[in-house]
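The values are calculated or read from the model by the stated rules, or taken from the named source; none is laboratory data. Remember, predicted model here, so these are calculated numbers, not experimental data. Cβ placement follows ideal geometry from the backbone for every residue including glycine, while neighbour counts extend to all protein chains displayed.
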Amino acid sequence: MIREFHGIVLKNIKFSENDRILTVFTKERGKISVMAKNAASKKSKVIAQTSTFSYSYFCLYPGKNFYTLKSADYIKSFPGLQTDLERLSFASYISELVDIFYEDKMEEPITFNLIIYILDLLQKEKLEKLSFITLAFMLKLLGISGIIPDFSGCSICSATNDEYYILDFDSGSILCSKCTMKHFSMNKITSKQLDLINKLTYVNVNDIKNMSFDVFTLEECNNMIVILNNYITYTLHRKTNSFKFLSDMLELK
């Protein structure tokens, strides 16, 4: 029986000369694996539909370990991501985040819609805004998954006006400078960064494109991306390979 899905291609891996294995995040079934036979041949009619970041309508044959592609109709692509290395690196990172956050067949339509919206922003917005968009996506994904740290105030004394805080990975909360006994500089969050986090955590995702980040520096945002990436790695026990490329390009520390 043929199954039909709306899906975004997160990964396209070479299986043989012409065959590809796709990781597709679908609206109806969550993350699935798809064998796309002859998808890369010169005569293939689905090269564009099965490329990374493509949003397509898939007709698939179900199988034991993966689906097999019957046909795919193109819905939307994000060409701006493929022609700019910086945009591509951000898009690759958020796609891999989705891949490690979700096991196969975990349906999550909110995340599905979020990916489409964020990929569109990454290809259209100014380069200096991409880090803020990515940080917003990370916070939204953490919130949807139920593992977002508690940034409301110090988890011990409830202080909200300290100069800086430490993100404690074990408890998933922040500690003020007075309550923490060990100051790990890599996990240090300034009060200004905390303002940025709270601003992005509670904003409606559709309003991100209209937000101004002039009061925050790009360095402050990028440092938060590093901290949250480390938190995700620690919490999920999985790391993203694409983050090294992103961090090297942006000189993240």
May I ask you to say which residue of 68, 23, 50 is touching a Leu at 6+ places or on another chain (Cβ under 7 Å) and closer than 18 Å to residue 109 by Cβ? 23
Of the residues that sit in segment 5-32 and are out of contact with any Asp or Glu (no Cβ under 9 Å at 6 or more places or on another chain), in a strand (DSSP E or B) and surrounded by fewer than 23 Cβ atoms within 10 Å (Cβ to Cβ), which one is modelled with the lowest pLDDT? 14
Taking the stated definitions as given, is residue 105 modelled with pLDDT under 90, over 18 Å from residue 126 (Cα atoms) and either touching a Lys or Arg at 6+ places or on another chain (Cβ under 8 Å) or not charged (D, E, K, R) (or both)? yes
Answer residue from segment 196-217, given it is under 17 Å from residue 121 (Cα atoms) and aliphatic (A, V, I, L, M) and is modelled with the highest pLDDT among those: 200
Among the residues of segment 223-253, what is the count of those that are touching a strand residue (DSSP E or B) at 6+ places or on another chain (Cβ under 8 Å) and aliphatic (A, V, I, L, M)? 2
In the list 26, 111, which residue meets the criterion of being under 25 Å from residue 135 (Cβ atoms) and among the β-branched types (Val, Ile, Thr)? 111
State whether one or more residues within segment 187-194 are in contact (Cβ under 8 Å) with a residue 40 or more places away in the chain and in the same structural domain as residue 108 (by TED's automatic domain parsing). yes
Among 133, 115, 94, which is the only one that is in contact with a strand residue (DSSP E or B) (Cβ under 6 Å, 6 or more places away or on another chain), surrounded by 19 or more Cβ atoms within 10 Å (Cβ to Cβ) and in the same structural domain as residue 199 (by TED's automatic domain parsing)? 115
Residue satisfying all of: in segment 132-191; among the basic types (Lys, Arg) and more than 25 Å from the chain's Cα centre (by Cα); modelled with the highest pLDDT among these: 178
Qualifying helices (runs of 4 or more DSSP H) (wholly inside segment 78-151; at least 1 residues being free of Cβ contacts under 8 Å to residues at least 12 places away in the same chain and closer than 17 Å to residue 243 by Cβ): 85-101
Going residue by residue through segment 149-172, is there one that turns out to be on the phi > 0 side of the Ramachandran plot, touching a strand residue (DSSP E or B) at 6+ places or on another chain (Cβ under 7 Å) and in the same structural domain as residue 201 (by TED's automatic domain parsing)? yes
Sort out which residues of segment 60-77 are at pLDDT 95 or above and surrounded by 17 or more Cβ atoms within 10 Å (Cβ to Cβ), and write them in order of number. 60, 67, 69, 72
Residues within segment 49-68 that are in contact (Cβ under 8 Å) with a residue 12 or more places away in the chain, farther than 16 Å from residue 31 by Cβ and more than 22 Å from the chain's Cα centre (by Cα), tallied: 3
